[in-house]
Amino acid sequence: MELSLISKEEFTAFANQYARTFLQSPEMEGLLEASGWDCHLLGIHKTGELELVALLISKPMTGGHHFELQYGPVYKDENDALESFFYEALKGYLKRENCLEFLAIPNVDYQRFNDRGEAEGPANDAFIDKLKKLGYSHQGLENGYNSRGESTWHYLKDLSALENEKQLLKSYSKDGQYSVKRTQQFGIRVRALAKDELSVFKNITEQTSERRGYNDHDLAYYERLFESFSDRAEFLVAEINFSDYKASIEKRIDELETKIAAINSPRKEKQRKEFEDQLRTQKVRHEEAIELLEKHGAEDIVLAGSLFIYGPNETTYLFSGSLEAFKKLYAPFAIQHEVMKKSIAAGIPSYNFFGVQGVFDGTDGVLHFKQNFAGYVVQKVAYFNYYPSPAKFKLLQATKKLLGRK
């Protein structure tokens, strides 16, 4: 076996068949190159056949280069011997490329949990120990979001056993089912944005990032992503027409009044009270709908937006935002449900909601939203570093600190 550079065509063909994450895709290579990174396509051949590929990226830094491996490599058939050979051979490649600092983020699970935080399998300490023995240092396991704005805890849903929308909806929690059905009753529609409409998406994510206190990408980044991923990425928005919304509530009020009027038995008093409670709620919503219609008119109004990337083996929910004024309309539920339907139709077996904090005490609002869709949580093995020339790296870091540079 030998680790060597491979052609873009070889990488594309292999990754398109075996990649489990968009971060090791030819489209991601294009996006990273357009964003100023140098890309290195590596592969391991065995008896003339590719067994593994990896997309490495690098940027110049004082004294050498900073390299990263983001959620790779990609295996045809994962096995311990191939994995060990890759990480050992990779050290030689990094030295030859004048790498000063290497960050590895392996696409390896540390432990699986149910969405209540209860472990469903053993911890994968063996992988961490193996990379340490190979000369890589482990940054440790952590909760929350790190300085890169990333979390090593992911929320996923297995779609492989689901065949249609009915089964999908039934697989959600009761609250999740309720919220999706409400969006359908409200007449909320989901559509994809064209490239010249991406400012609409950017406006939503910008407002959301300011409200929640995180950094958003600029519009140019979203445009580059749109170009690089083409039909493998969708910028989706949920929209509503408040005239239609008002009409849907009026229809529901009529239905409830008819049901209440038809109850003439004392034995159905409990049911009557339930319908009356629902009727009061609908009348409050009707007043709100009148106000919204007066304020926004009868045009389609964007409520929320999300970016999704479709891969051969996984759909990834990447970036999103919603408008605080319309949070009672459950718009993000409509988008998630639509994309899971598309994933099932395309035969994509896994749906990755991406990051949660890894905290299950009720304080993580993002986790609470994702729990509506009844998935599970995976903690990844996190980050590893390798320094091909550790003395040189330490000297340069000390010099930068002395000079007051970051």
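Annotations
- Only a single item in (1) assigned by TED's automatic domain parsing to the domain that holds ALA391; (2) touching an Asp or Glu at 6+ places or on another chain (Cβ under 8 Å) is not met by GLU49, and it is number (2).
- Residue that is touching a Ser or Thr at 6+ places or on another chain (Cβ under 8 Å) and touching a residue at least 40 places away in the same chain (Cβ under 8 Å), where the choices are THR208, THR152: THR208
- On the stretch given as region 1-34, residues that are in contact (Cβ under 8 Å) with a residue 40 or more places away in the chain and outside any helix (DSSP H, G or I) total 9.
- In region 181-205, the residues that are outside the structural domain of LEU329 (by TED's automatic domain parsing) never reach a residue that is in a strand (DSSP E or B) with C-beta atoms less than 7 angstrom apart, at least six apart or across chains.
- Inside region 223-244, residues that are in contact with a Gly (Cβ under 6 Å, 6 or more places away or on another chain) and either free of Cβ contacts under 8 Å to residues at least 40 places away in the same chain or in a helix (DSSP H, G or I) (or both) make up a count of 2.
- All conditions but one from (1) free of Cβ contacts under 8 Å to residues at least 12 places away in the same chain; (2) in contact with a Phe, Trp or Tyr (Cβ under 8 Å, 6 or more places away or on another chain) apply to GLU118; the one that does not is (2).
- Scope region 245-266; condition of a type in the set (D, E, K, R) and closer than 26 Å to GLU291 by Cβ; matching residues: LYS246, GLU250, LYS251, ARG252, ASP254, GLU255, GLU257
- Residue satisfying condition, being of a type in the set (Phe, Trp, Tyr) and surrounded by 15 or more Cβ atoms within 10 Å (Cβ to Cβ), within set TYR172, TYR178: TYR172
- Among the numbered conditions (1) out of contact with any Gly (no Cβ under 9 Å at 6 or more places or on another chain); (2) over 30 Å from PHE369 (Cα atoms); (3) not basic (Lys, Arg), the only one that ASN146 does not meet is (2).
- Condition check for ASN313: closer than 30 Å to LYS157 by Cβ and surrounded by fewer than 17 Cβ atoms within 10 Å (Cβ to Cβ): yes
- Being touching a Gly at 6+ places or on another chain (Cβ under 7 Å) and buried (at least 21 other Cβ atoms within 10 Å of the Cβ) is true of PHE373.
The values are calculated or read from the model by the stated rules, or taken from the named source; none is laboratory data. All values reported here derive from a predicted model rather than from experimental measurement. Heads up, the Cβs are rebuilt from the backbone with ideal geometry, glycines too, and the neighbour counts pull from every protein chain shown.
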